[in-house]
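Have a look at the structure below before the remarks.
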Amino acid sequence: MVAMKNNMKRYFAIVDCNNFYASCERVFNPKLEGKPLVVLSNNDGCVVAASAEAKALGLTLGTPAFKNEELFTRNNVHIFSSNYTLYGDLSARVMETLRQFSPDVEVYSIDEAFLELTGMEHIDLQKLGRRIKKTVQKWTGIPVSVGIAPTKTLAKVANRASKKNTEFDGVCILDNDEEIKRVLEKVEVDDIWGVGWQYAKMLKRNSIYNAYQLRSVHHDWAQKKMTIMGLNMVRELQGIPCFKIEEAPPPKKAIVCSRSFGRPVEDLGELKEALASYVTRAGEKLRSQNSVASMIQVFMGTNHFKDEPQYSNHTIFELPVPTAYTPDLIHFALQNIERIYRKGYRYKKVGVMLAGIYRDSEHQLHLFEKQKYDKKQKELMRRIDEMNVRMGKDTISYGASGIKRPWKMRRQKLSPSYTTDWLQIPPVK
DNA sequence: TCTGGGGTCCTAGGACCC
DNA sequence: TCTGGGGTCCTAGGACCC
(Lines give C-alpha, C1' and ligand atoms only; values in the text may rest on other atoms or scores of the structure.)
Protein backbone atom coordinates (compact mmCIF):
# COMPACT_ATOMS: atom_id res chain seq x y z
CA MET A 1 0.00 0.00 0.00
CA VAL A 2 2.77 2.37 0.99
CA ALA A 3 4.83 1.39 -2.03
CA MET A 4 1.88 1.98 -4.27
CA LYS A 5 1.34 5.42 -2.88
CA ASN A 6 4.98 6.31 -3.46
CA ASN A 7 4.74 5.28 -7.08
CA MET A 8 1.67 7.33 -7.71
CA LYS A 9 2.24 10.51 -9.57
CA ARG A 10 1.88 13.42 -7.24
CA TYR A 11 1.37 17.08 -8.03
CA PHE A 12 0.91 20.30 -6.20
CA ALA A 13 -1.51 22.95 -7.32
CA ILE A 14 -1.53 26.50 -6.10
CA VAL A 15 -4.66 28.52 -6.56
CA ASP A 16 -4.20 32.25 -6.16
CA CYS A 17 -6.97 34.84 -6.26
CA ASN A 18 -6.37 37.61 -8.78
CA ASN A 19 -6.06 41.06 -7.18
CA PHE A 20 -7.97 39.58 -4.26
CA TYR A 21 -9.09 42.63 -2.28
CA ALA A 22 -10.00 44.50 -5.44
CA SER A 23 -11.95 41.49 -6.72
CA CYS A 24 -13.82 41.23 -3.39
CA GLU A 25 -15.00 44.82 -3.69
CA ARG A 26 -16.37 44.01 -7.14
CA VAL A 27 -18.30 40.88 -6.16
CA PHE A 28 -21.16 42.88 -4.65
CA ASN A 29 -20.74 45.93 -6.84
CA PRO A 30 -20.71 44.73 -10.44
CA LYS A 31 -20.82 48.30 -11.75
CA LEU A 32 -17.11 48.34 -10.95
CA GLU A 33 -16.43 45.61 -13.51
CA GLY A 34 -13.86 46.86 -16.02
CA LYS A 35 -13.14 50.00 -13.98
CA PRO A 36 -9.89 50.96 -12.24
CA LEU A 37 -10.16 50.31 -8.51
CA VAL A 38 -7.72 50.33 -5.59
CA VAL A 39 -7.83 49.21 -1.96
CA LEU A 40 -5.87 51.09 0.71
CA SER A 41 -4.09 49.73 3.79
CA ASN A 42 -5.11 50.55 7.35
CA ASN A 43 -5.43 54.29 7.93
CA ASP A 44 -5.95 54.65 4.19
CA GLY A 45 -2.15 54.84 3.98
CA CYS A 46 -0.75 52.75 1.15
CA VAL A 47 -2.21 51.14 -1.95
CA VAL A 48 -2.29 47.42 -1.14
CA ALA A 49 -4.39 46.07 -4.00
CA ALA A 50 -5.43 47.22 -7.43
CA SER A 51 -7.61 45.90 -10.23
CA ALA A 52 -5.94 45.10 -13.54
CA GLU A 53 -7.29 48.37 -14.97
CA ALA A 54 -5.68 50.35 -12.13
CA LYS A 55 -2.36 48.52 -12.53
CA ALA A 56 -2.45 49.37 -16.24
CA LEU A 57 -2.38 53.04 -15.28
CA GLY A 58 1.15 52.48 -14.03
CA LEU A 59 0.35 52.38 -10.35
CA THR A 60 2.63 50.34 -8.07
CA LEU A 61 1.46 48.54 -4.97
CA GLY A 62 2.87 49.71 -1.67
CA THR A 63 3.12 53.36 -2.60
CA PRO A 64 1.42 55.89 -0.28
CA ALA A 65 -2.06 56.89 -1.38
CA PHE A 66 -1.32 60.62 -1.23
CA LYS A 67 1.41 60.23 -3.84
CA ASN A 68 -1.13 58.85 -6.30
CA GLU A 69 -3.85 61.41 -5.69
CA GLU A 70 -3.47 63.08 -9.04
CA LEU A 71 -3.47 59.80 -10.91
CA PHE A 72 -6.63 58.75 -9.05
CA THR A 73 -8.59 61.88 -9.95
CA ARG A 74 -7.37 62.06 -13.51
CA ASN A 75 -8.45 58.48 -14.22
CA ASN A 76 -11.53 58.32 -12.05
CA VAL A 77 -10.13 55.49 -9.93
CA HIS A 78 -12.54 54.02 -7.35
CA ILE A 79 -10.95 53.98 -3.91
CA PHE A 80 -11.76 51.67 -0.97
CA SER A 81 -10.51 51.39 2.60
CA SER A 82 -9.62 47.79 3.43
CA ASN A 83 -12.56 45.77 4.71
CA TYR A 84 -11.02 42.68 6.25
CA THR A 85 -14.34 41.36 7.48
CA LEU A 86 -15.54 41.09 3.89
CA TYR A 87 -12.25 39.68 2.55
CA GLY A 88 -12.02 37.09 5.33
CA ASP A 89 -15.48 35.83 4.62
CA LEU A 90 -15.00 35.57 0.85
CA SER A 91 -11.66 33.88 1.45
CA ALA A 92 -13.37 31.20 3.53
CA ARG A 93 -15.82 30.59 0.67
CA VAL A 94 -13.01 30.19 -1.85
CA MET A 95 -11.19 27.71 0.42
CA GLU A 96 -14.37 25.72 0.97
CA THR A 97 -14.84 25.49 -2.80
CA LEU A 98 -11.28 24.22 -3.26
CA ARG A 99 -11.91 21.32 -0.87
CA GLN A 100 -14.10 19.87 -3.64
CA PHE A 101 -10.95 19.11 -5.59
CA SER A 102 -8.67 17.64 -2.95
CA PRO A 103 -8.89 16.44 0.64
CA ASP A 104 -5.44 17.94 1.25
CA VAL A 105 -5.71 21.70 1.17
CA GLU A 106 -3.24 24.07 2.79
CA VAL A 107 -4.60 27.57 3.27
CA TYR A 108 -1.39 29.47 2.67
CA SER A 109 -2.66 33.02 2.98
CA ILE A 110 -5.91 34.92 2.75
CA ASP A 111 -5.87 34.61 -1.04
CA GLU A 112 -3.85 31.45 -1.80
CA ALA A 113 -4.06 27.74 -1.17
CA PHE A 114 -1.96 24.70 -2.06
CA LEU A 115 -3.74 21.50 -3.05
CA GLU A 116 -2.10 18.09 -3.12
CA LEU A 117 -3.18 16.05 -6.13
CA THR A 118 -2.42 12.34 -6.04
CA GLY A 119 -3.19 9.55 -8.49
CA MET A 120 -3.11 11.86 -11.46
CA GLU A 121 -1.77 9.37 -14.05
CA HIS A 122 -4.81 9.45 -16.26
CA ILE A 123 -6.04 12.92 -15.49
CA ASP A 124 -5.74 15.77 -17.94
CA LEU A 125 -4.18 18.38 -15.64
CA GLN A 126 -4.97 21.21 -18.00
CA LYS A 127 -8.66 20.29 -17.86
CA LEU A 128 -8.56 19.95 -14.08
CA GLY A 129 -6.94 23.37 -13.72
CA ARG A 130 -9.61 24.92 -15.94
CA ARG A 131 -12.34 23.28 -13.92
CA ILE A 132 -10.95 24.62 -10.64
CA LYS A 133 -10.75 28.12 -12.08
CA LYS A 134 -14.26 28.01 -13.49
CA THR A 135 -15.86 26.56 -10.36
CA VAL A 136 -14.34 29.12 -7.99
CA GLN A 137 -15.38 31.94 -10.29
CA LYS A 138 -18.93 30.61 -10.50
CA TRP A 139 -19.43 29.80 -6.82
CA THR A 140 -17.73 32.82 -5.26
CA GLY A 141 -17.38 35.46 -7.98
CA ILE A 142 -13.61 35.59 -7.43
CA PRO A 143 -11.27 35.11 -10.42
CA VAL A 144 -8.27 32.87 -9.73
CA SER A 145 -5.07 31.65 -11.38
CA VAL A 146 -3.89 28.06 -11.15
CA GLY A 147 -0.39 26.58 -11.30
CA ILE A 148 0.21 22.82 -11.20
CA ALA A 149 3.63 21.13 -10.96
CA PRO A 150 5.55 18.34 -9.17
CA THR A 151 6.72 20.64 -6.33
CA LYS A 152 5.32 23.62 -4.47
CA THR A 153 8.03 25.94 -5.75
CA LEU A 154 7.46 24.90 -9.37
CA ALA A 155 3.71 25.30 -8.86
CA LYS A 156 4.36 28.84 -7.66
CA VAL A 157 6.48 29.49 -10.75
CA ALA A 158 3.69 28.09 -12.93
CA ASN A 159 1.15 30.29 -11.20
CA ARG A 160 3.32 33.33 -11.75
CA ALA A 161 3.64 32.49 -15.44
CA SER A 162 -0.11 31.94 -15.75
CA LYS A 163 -0.69 35.51 -14.60
CA LYS A 164 2.11 37.26 -16.43
CA ASN A 165 1.83 35.46 -19.72
CA THR A 166 -1.46 35.76 -21.59
CA GLU A 167 -0.82 32.57 -23.57
CA PHE A 168 -1.71 30.54 -20.45
CA ASP A 169 -4.99 32.30 -19.75
CA GLY A 170 -4.77 31.76 -16.00
CA VAL A 171 -3.82 28.08 -15.92
CA CYS A 172 -0.25 26.80 -16.28
CA ILE A 173 0.89 23.20 -15.95
CA LEU A 174 4.56 22.24 -15.61
CA ASP A 175 4.75 18.56 -16.33
CA ASN A 176 7.75 17.84 -18.55
CA ASP A 177 11.34 18.98 -18.93
CA GLU A 178 10.96 21.03 -22.10
CA GLU A 179 8.00 22.93 -20.71
CA ILE A 180 9.81 23.52 -17.41
CA LYS A 181 12.87 24.85 -19.24
CA ARG A 182 10.81 27.07 -21.52
CA VAL A 183 8.85 28.63 -18.64
CA LEU A 184 11.69 28.87 -16.10
CA GLU A 185 13.88 30.76 -18.54
CA LYS A 186 11.29 33.51 -18.65
CA VAL A 187 10.95 33.85 -14.87
CA GLU A 188 13.33 36.36 -13.31
CA VAL A 189 14.99 35.38 -10.04
CA ASP A 190 13.16 38.20 -8.22
CA ASP A 191 9.89 36.42 -8.97
CA ILE A 192 10.83 33.07 -7.40
CA TRP A 193 9.18 32.06 -4.13
CA GLY A 194 11.92 32.42 -1.50
CA VAL A 195 14.04 34.96 -3.37
CA GLY A 196 13.62 38.43 -1.96
CA TRP A 197 15.32 41.71 -2.58
CA GLN A 198 18.69 40.80 -1.03
CA TYR A 199 19.08 37.36 -2.59
CA ALA A 200 18.05 38.68 -6.00
CA LYS A 201 20.85 41.24 -5.82
CA MET A 202 23.35 38.59 -4.79
CA LEU A 203 22.25 36.16 -7.52
CA LYS A 204 22.54 38.79 -10.23
CA ARG A 205 26.00 39.68 -9.00
CA ASN A 206 26.79 36.03 -9.69
CA SER A 207 25.26 36.16 -13.18
CA ILE A 208 22.13 34.23 -12.26
CA TYR A 209 19.19 36.06 -13.75
CA ASN A 210 16.38 33.57 -14.28
CA ALA A 211 14.82 30.54 -12.61
CA TYR A 212 16.38 28.12 -15.06
CA GLN A 213 19.87 29.35 -14.23
CA LEU A 214 19.15 29.10 -10.51
CA ARG A 215 17.94 25.54 -11.03
CA SER A 216 21.40 24.61 -12.35
CA VAL A 217 23.63 25.89 -9.52
CA HIS A 218 25.58 23.53 -7.27
CA HIS A 219 23.77 22.46 -4.13
CA ASP A 220 26.72 23.40 -1.92
CA TRP A 221 26.87 26.86 -3.38
CA ALA A 222 23.14 27.38 -2.86
CA GLN A 223 23.39 26.31 0.76
CA LYS A 224 26.44 28.42 1.46
CA LYS A 225 24.91 31.55 -0.04
CA MET A 226 21.27 31.16 0.97
CA THR A 227 21.23 28.71 3.90
CA ILE A 228 19.29 25.47 3.89
CA MET A 229 16.32 27.36 2.49
CA GLY A 230 18.28 28.12 -0.66
CA LEU A 231 19.27 24.49 -1.07
CA ASN A 232 15.66 23.38 -0.74
CA MET A 233 14.61 25.99 -3.24
CA VAL A 234 17.06 24.72 -5.86
CA ARG A 235 16.02 21.11 -5.27
CA GLU A 236 12.38 22.04 -5.62
CA LEU A 237 13.12 23.82 -8.90
CA GLN A 238 14.70 20.55 -10.04
CA GLY A 239 11.46 18.74 -9.29
CA ILE A 240 12.50 17.14 -5.98
CA PRO A 241 9.78 17.85 -3.40
CA CYS A 242 11.15 19.31 -0.16
CA PHE A 243 8.03 21.02 1.13
CA LYS A 244 4.85 19.23 2.13
CA ILE A 245 1.27 20.31 2.43
CA GLU A 246 0.62 21.68 5.93
CA GLU A 247 -3.05 21.08 6.48
CA ALA A 248 -3.41 22.18 10.09
CA PRO A 249 -1.29 25.25 10.68
CA PRO A 250 0.79 24.91 13.86
CA PRO A 251 -0.26 27.26 16.67
CA LYS A 252 1.34 30.69 16.52
CA LYS A 253 4.44 31.26 18.62
CA ALA A 254 3.86 34.97 18.85
CA ILE A 255 0.75 37.07 18.45
CA VAL A 256 1.15 40.70 17.54
CA CYS A 257 -1.48 43.38 17.39
CA SER A 258 -0.62 46.97 16.57
CA ARG A 259 -1.99 49.83 14.49
CA SER A 260 -0.92 53.24 13.43
CA PHE A 261 -3.21 55.99 14.66
CA GLY A 262 -5.49 58.09 12.51
CA ARG A 263 -3.78 61.14 14.01
CA PRO A 264 -0.81 61.65 16.37
CA VAL A 265 -1.57 60.88 20.02
CA GLU A 266 0.22 62.54 22.94
CA ASP A 267 -2.00 61.71 25.88
CA LEU A 268 -1.18 58.64 27.96
CA GLY A 269 -4.87 58.00 28.59
CA GLU A 270 -5.61 57.67 24.88
CA LEU A 271 -2.55 55.49 24.33
CA LYS A 272 -3.79 53.19 27.07
CA GLU A 273 -7.23 52.92 25.47
CA ALA A 274 -5.72 52.01 22.14
CA LEU A 275 -3.38 49.50 23.75
CA ALA A 276 -6.25 47.91 25.70
CA SER A 277 -8.20 47.38 22.51
CA TYR A 278 -5.20 45.76 20.77
CA VAL A 279 -4.61 43.52 23.78
CA THR A 280 -8.26 42.51 23.58
CA ARG A 281 -7.80 41.51 19.93
CA ALA A 282 -4.59 39.63 20.72
CA GLY A 283 -6.35 37.78 23.55
CA GLU A 284 -9.07 36.64 21.15
CA LYS A 285 -6.46 35.27 18.75
CA LEU A 286 -4.68 33.55 21.63
CA ARG A 287 -7.85 31.82 22.84
CA SER A 288 -8.92 30.86 19.34
CA GLN A 289 -5.88 28.58 19.18
CA ASN A 290 -6.47 27.31 22.73
CA SER A 291 -3.26 28.78 24.05
CA VAL A 292 -1.99 30.79 26.95
CA ALA A 293 0.82 33.35 26.93
CA SER A 294 3.53 33.77 29.54
CA MET A 295 5.06 37.00 28.28
CA ILE A 296 3.81 40.37 27.11
CA GLN A 297 5.79 42.86 25.11
CA VAL A 298 4.50 46.43 24.74
CA PHE A 299 5.97 48.84 22.20
CA MET A 300 5.30 52.38 21.08
CA GLY A 301 6.86 54.97 18.81
CA THR A 302 6.60 58.32 17.08
CA ASN A 303 6.33 58.83 13.31
CA HIS A 304 9.85 58.52 11.92
CA PHE A 305 8.80 59.97 8.58
CA LYS A 306 8.32 63.30 10.31
CA ASP A 307 10.90 65.91 11.14
CA GLU A 308 10.06 66.21 14.83
CA PRO A 309 11.35 64.80 18.14
CA GLN A 310 11.54 61.00 17.94
CA TYR A 311 11.11 58.40 20.65
CA SER A 312 10.42 54.70 20.60
CA ASN A 313 10.73 52.02 23.22
CA HIS A 314 9.51 48.61 24.26
CA THR A 315 9.25 46.53 27.40
CA ILE A 316 8.99 42.80 27.96
CA PHE A 317 7.19 41.47 30.97
CA GLU A 318 6.85 37.96 32.30
CA LEU A 319 3.32 37.20 33.51
CA PRO A 320 3.00 35.74 37.02
CA VAL A 321 0.92 32.91 35.55
CA PRO A 322 0.49 31.97 31.87
CA THR A 323 -2.99 33.13 30.94
CA ALA A 324 -5.44 34.05 28.20
CA TYR A 325 -7.68 36.06 30.51
CA THR A 326 -8.09 39.44 28.86
CA PRO A 327 -8.62 41.57 31.98
CA ASP A 328 -5.27 40.35 33.34
CA LEU A 329 -3.53 40.84 30.02
CA ILE A 330 -4.85 44.39 29.85
CA HIS A 331 -3.84 45.07 33.44
CA PHE A 332 -0.21 44.12 32.88
CA ALA A 333 0.04 45.76 29.48
CA LEU A 334 -1.19 49.07 30.89
CA GLN A 335 1.18 48.82 33.82
CA ASN A 336 4.04 48.43 31.36
CA ILE A 337 3.18 51.23 28.99
CA GLU A 338 3.38 53.61 31.94
CA ARG A 339 6.99 52.59 32.41
CA ILE A 340 8.06 53.53 28.89
CA TYR A 341 5.75 56.47 28.20
CA ARG A 342 7.50 59.83 27.90
CA LYS A 343 5.51 63.03 27.88
CA GLY A 344 5.82 65.53 25.07
CA TYR A 345 6.03 63.26 22.03
CA ARG A 346 3.51 62.79 19.25
CA TYR A 347 3.00 59.04 19.09
CA LYS A 348 2.06 57.30 15.85
CA LYS A 349 1.77 53.73 16.95
CA VAL A 350 1.42 51.44 19.91
CA GLY A 351 1.24 47.68 19.97
CA VAL A 352 1.43 44.48 21.95
CA MET A 353 3.05 41.11 21.40
CA LEU A 354 2.08 38.00 23.32
CA ALA A 355 4.88 35.45 23.50
CA GLY A 356 5.99 32.41 25.44
CA ILE A 357 2.88 30.68 24.13
CA TYR A 358 1.80 27.17 25.06
CA ARG A 359 -1.28 25.10 24.50
CA ASP A 360 -3.54 25.64 27.47
CA SER A 361 -3.49 21.93 28.34
CA GLU A 362 0.30 21.73 28.22
CA HIS A 363 0.76 24.18 31.00
CA GLN A 364 1.45 22.16 34.14
CA LEU A 365 0.49 23.94 37.29
CA HIS A 366 2.89 23.75 40.13
CA LEU A 367 1.41 21.92 43.06
CA PHE A 368 1.23 25.01 45.24
CA GLU A 369 0.74 27.57 42.53
CA LYS A 370 -2.39 29.54 42.98
CA GLN A 371 -4.34 28.75 39.84
CA LYS A 372 -5.15 32.11 38.44
CA TYR A 373 -6.40 31.29 34.97
CA ASP A 374 -9.20 29.18 36.33
CA LYS A 375 -12.40 27.58 35.09
CA LYS A 376 -14.55 30.58 35.85
CA GLN A 377 -12.34 32.92 33.90
CA LYS A 378 -12.19 30.53 30.95
CA GLU A 379 -15.93 30.19 30.88
CA LEU A 380 -16.37 33.96 30.96
CA MET A 381 -13.91 34.41 28.08
CA ARG A 382 -15.58 31.67 26.09
CA ARG A 383 -18.97 33.35 26.39
CA ILE A 384 -17.69 36.79 25.49
CA ASP A 385 -15.84 35.41 22.45
CA GLU A 386 -18.96 33.57 21.37
CA MET A 387 -21.15 36.67 21.66
CA ASN A 388 -18.67 38.77 19.70
CA VAL A 389 -18.54 36.22 16.91
CA ARG A 390 -22.30 35.87 16.75
CA MET A 391 -23.38 39.47 17.24
CA GLY A 392 -20.43 41.31 15.68
CA LYS A 393 -17.05 42.53 16.90
CA ASP A 394 -17.04 44.54 20.12
CA THR A 395 -20.62 43.69 21.05
CA ILE A 396 -18.96 43.20 24.41
CA SER A 397 -15.76 45.14 25.00
CA TYR A 398 -13.72 46.26 27.96
CA GLY A 399 -14.04 49.63 29.68
CA ALA A 400 -10.31 50.22 29.35
CA SER A 401 -10.64 50.41 25.55
CA GLY A 402 -12.71 53.58 25.75
CA ILE A 403 -15.94 54.46 24.02
CA LYS A 404 -15.16 57.29 21.63
CA ARG A 405 -11.81 55.97 20.42
CA PRO A 406 -10.58 59.23 18.89
CA TRP A 407 -7.27 57.50 18.00
CA LYS A 408 -8.83 54.89 15.79
CA MET A 409 -7.66 54.45 12.26
CA ARG A 410 -9.06 56.27 9.31
CA ARG A 411 -11.29 54.25 7.02
CA GLN A 412 -13.12 56.86 5.03
CA LYS A 413 -13.98 54.72 2.03
CA LEU A 414 -15.20 51.56 3.69
CA SER A 415 -17.54 49.30 1.74
CA PRO A 416 -20.43 47.57 3.59
CA SER A 417 -19.88 44.17 5.20
CA TYR A 418 -22.23 42.56 2.71
CA THR A 419 -21.87 39.01 3.89
CA THR A 420 -21.37 39.13 7.63
CA ASP A 421 -23.79 41.74 8.96
CA TRP A 422 -27.55 41.36 8.66
CA LEU A 423 -28.03 45.11 8.42
CA GLN A 424 -25.65 45.40 5.49
CA ILE A 425 -26.85 42.62 3.21
CA PRO A 426 -27.45 44.06 -0.26
CA PRO A 427 -31.13 44.39 -1.22
CA VAL A 428 -32.44 42.46 -4.24
CA LYS A 429 -34.64 44.44 -6.55
C1' DT B 1 -2.74 66.12 6.17
C1' DC B 2 -1.14 61.50 4.30
C1' DT B 3 4.13 56.23 4.33
C1' DG B 4 0.34 48.82 6.60
C1' DG B 5 0.25 44.77 9.65
C1' DG B 6 1.43 40.08 11.03
C1' DG B 7 4.07 36.33 10.78
C1' DT B 8 8.17 32.37 9.93
C1' DC B 9 12.76 30.29 9.66
C1' DC B 10 17.89 30.19 9.92
C1' DT B 11 22.44 31.31 11.68
C1' DA B 12 26.04 33.15 14.47
C1' DG B 13 27.66 34.15 18.75
C1' DG B 14 27.55 34.36 23.79
C1' DA B 15 26.58 32.12 28.27
C1' DC B 16 26.87 28.21 30.75
C1' DC B 17 27.72 23.33 31.94
C1' DC B 18 30.66 19.33 32.27
C1' DT C 1 52.32 25.77 33.06
C1' DC C 2 48.68 24.55 29.95
C1' DT C 3 43.52 28.82 28.41
C1' DG C 4 40.27 22.53 25.61
C1' DG C 5 36.08 21.29 23.39
C1' DG C 6 31.42 19.46 22.91
C1' DG C 7 26.58 20.19 23.96
C1' DT C 8 22.60 23.10 24.85
C1' DC C 9 19.98 27.11 25.37
C1' DC C 10 18.98 31.78 24.32
C1' DT C 11 19.00 36.05 21.70
C1' DA C 12 19.69 39.28 18.03
C1' DG C 13 19.76 40.06 13.45
C1' DG C 14 18.88 39.05 8.80
C1' DA C 15 16.44 36.88 5.35
C1' DC C 16 11.87 35.70 3.62
C1' DC C 17 6.47 35.36 2.99
C1' DC C 18 1.61 37.50 2.15
> Quick one: A:L268 ticks every box in (1) over 30 Å from A:R99 (Cβ atoms); (2) among the aliphatic types (A, V, I, L, M); (3) exposed (fewer than 13 other Cβ atoms within 10 Å of the Cβ) bar one, so which box is it?
Replying inline: (3)
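Give A:T97, A:T85 a once-over and let me know the one that is surrounded by 17 or more Cβ atoms within 10 Å (Cβ to Cβ) and in contact with a helix residue (DSSP H, G or I) (Cβ under 6 Å, 6 or more places away or on another chain). Please lay out each step first, then the result.
On the way: A:T85 fails: in contact with a helix residue (DSSP H, G or I) (Cβ under 6 Å, 6 or more places away or on another chain).
From the options A:T97, A:T85, the qualifying one is A:T97.
Using the structure shown, decide if A:R205 is surrounded by 13 or more Cβ atoms within 10 Å (Cβ to Cβ), among the charged types (D, E, K, R) and either touching a residue at least 24 places away in the same chain (Cβ under 8 Å) or over 21 Å from A:Y398 (Cα atoms) (or both). Show your work before the answer.
Details: surrounded by 13 or more Cβ atoms within 10 Å (Cβ to Cβ): no; among the charged types (D, E, K, R): yes; either touching a residue at least 24 places away in the same chain (Cβ under 8 Å) or over 21 Å from A:Y398 (Cα atoms) (or both): yes.
Against the criterion (surrounded by 13 or more Cβ atoms within 10 Å (Cβ to Cβ), among the charged types (D, E, K, R) and either touching a residue at least 24 places away in the same chain (Cβ under 8 Å) or over 21 Å from A:Y398 (Cα atoms) (or both)), A:R205 does not qualify.
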> Which one of A:V136, A:V107 is in contact with a strand residue (DSSP E or B) (Cβ under 7 Å, 6 or more places away or on another chain), among the β-branched types (V, I, T) and part of a helix (DSSP H, G or I)?
Replying inline: A:V136
>> If a residue counts only when it is closer than 19 Å to A:V146 by Cβ and away from DNA strand B (no atom under 16 Å from the Cβ), which helices (runs of 4 or more DSSP H) contained entirely in the range A:161-241 have at least 2 such residues?
In response: A:177-184
> Restricted to the range A:183-202, and to residues that are surrounded by fewer than 14 Cβ atoms within 10 Å (Cβ to Cβ) and within 6 Å of DNA strand C (Cβ to nearest atom), which residue is nearest to A:R215 (Cα to Cα)?
Replying inline: A:G196
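Tell me yes or no: at least one residue of the range A:377-392 is outside any helix (DSSP H, G or I), under 27 Å from A:Y325 (Cβ atoms) and of a type outside the set (V, I, T).
Going through the range A:377-392, the residues outside any helix (DSSP H, G or I) turn out to be A:392.
Adding the requirement that they be under 27 Å from A:Y325 (Cβ atoms) leaves A:392.
From the residues that got through so far, the ones that are of a type outside the set (V, I, T) too are A:392.
Scanning the range A:377-392 turns up at least one residue that is outside any helix (DSSP H, G or I), under 27 Å from A:Y325 (Cβ atoms) and of a type outside the set (V, I, T).
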> Of the residues that make up the range A:320-328, is at least one surrounded by fewer than 20 Cβ atoms within 10 Å (Cβ to Cβ) and at pLDDT 90 or above?
Replying inline: yes
> Would you say A:R339 is basic (K, R), closer than 30 Å to A:M381 by Cβ and either touching a strand residue (DSSP E or B) at 6+ places or on another chain (Cβ under 7 Å) or within 16 Å of DNA strand C (Cβ to nearest atom) (or both)?
Replying inline: yes
>> Pull out all pairs, ordered by first then second residue, where Cβ-Cβ is under 7 Å, the residues are six or more apart or on different chains, the first lies in the range A:222-238 and is under 16 Å from A:Q198 (Cβ atoms), and the second is within 10 Å of DNA strand C (Cβ to nearest atom) and among the hydroxyl-bearing types (S, T, Y).
In response: A:M226/A:Y199
>> Only one of A:S51, A:S91, A:S81 is within 25 Å of A:T419 (Cα to Cα), at pLDDT 90 or above and touching a Lys or Arg at 6+ places or on another chain (Cβ under 6 Å). Can you tell me which?
In response: A:S81
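Taking only the range A:57-113 into account, find how many residues are closer than 30 Å to A:L125 by Cα and of a type in the set (K, R).
Narrowing the range A:57-113 to residues closer than 30 Å to A:L125 by Cα: A:87-113.
From what is left, the residues that are of a type in the set (K, R) are A:93, A:99.
So the count comes out to 2.
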> What number of residues within the range A:46-74 are surrounded by 16 or more Cβ atoms within 10 Å (Cβ to Cβ) and within 16 Å of DNA strand C (Cβ to nearest atom)?
Replying inline: 5
> Given the conditions (1) more than 20 Å from A:C17 (Cβ to Cβ); (2) modelled with pLDDT of 95 or more; (3) within 16 Å of DNA strand B (Cβ to nearest atom), which single one is not true for A:K156?
Replying inline: (1)
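Restricting the search to the range A:246-261, which residues are of a type in the set (D, E, K, R) and away from DNA strand C (no atom under 15 Å from the Cβ)? First the steps, then the outcome.
Residues of the range A:246-261 that are of a type in the set (D, E, K, R), as a first pass: A:246-247, A:252-253, A:259.
Selection gives A:E247, A:R259.
Have a look at A:S41, A:S82, A:S109 and point out the one that is among the small types (G, A, S), within 22 Å of A:A155 (Cβ to Cβ) and within 14 Å of DNA strand B (Cβ to nearest atom). So that I can check it myself, show each step before the final result.
Working: A:S41 fails: within 22 Å of A:A155 (Cβ to Cβ); A:S82 fails: within 22 Å of A:A155 (Cβ to Cβ).
None of the other options fit; the residue is A:S109.
Residue-by-condition table, conditions (1) surrounded by fewer than 20 Cβ atoms within 10 Å (Cβ to Cβ); (2) without any contact (Cβ under 8 Å) to a residue 24 or more places away in the chain; (3) under 19 Å from the mean Cα position of the chain (by Cα); (4) within 16 Å of A:I180 (Cα to Cα):
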site	(1), (2), (3), (4)
A:P103	yes, yes, no, no
A:T118	yes, no, no, no
A:L154	no, no, no, yes
A:A158	no, no, no, yes
> Which ones in the range A:232-245 are within 15 Å of DNA strand C (Cβ to nearest atom) and either of a type in the set (K, R) or farther than 23 Å from A:L115 by Cα (or both)?
Replying inline: none
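The values are calculated or read from the model by the stated rules, or taken from the named source; none is laboratory data. Keep in mind that this is a model prediction, so the values were computed, not measured. Note that we place each Cβ from the backbone using ideal geometry, even for glycine, and neighbour counts take in every protein chain shown.
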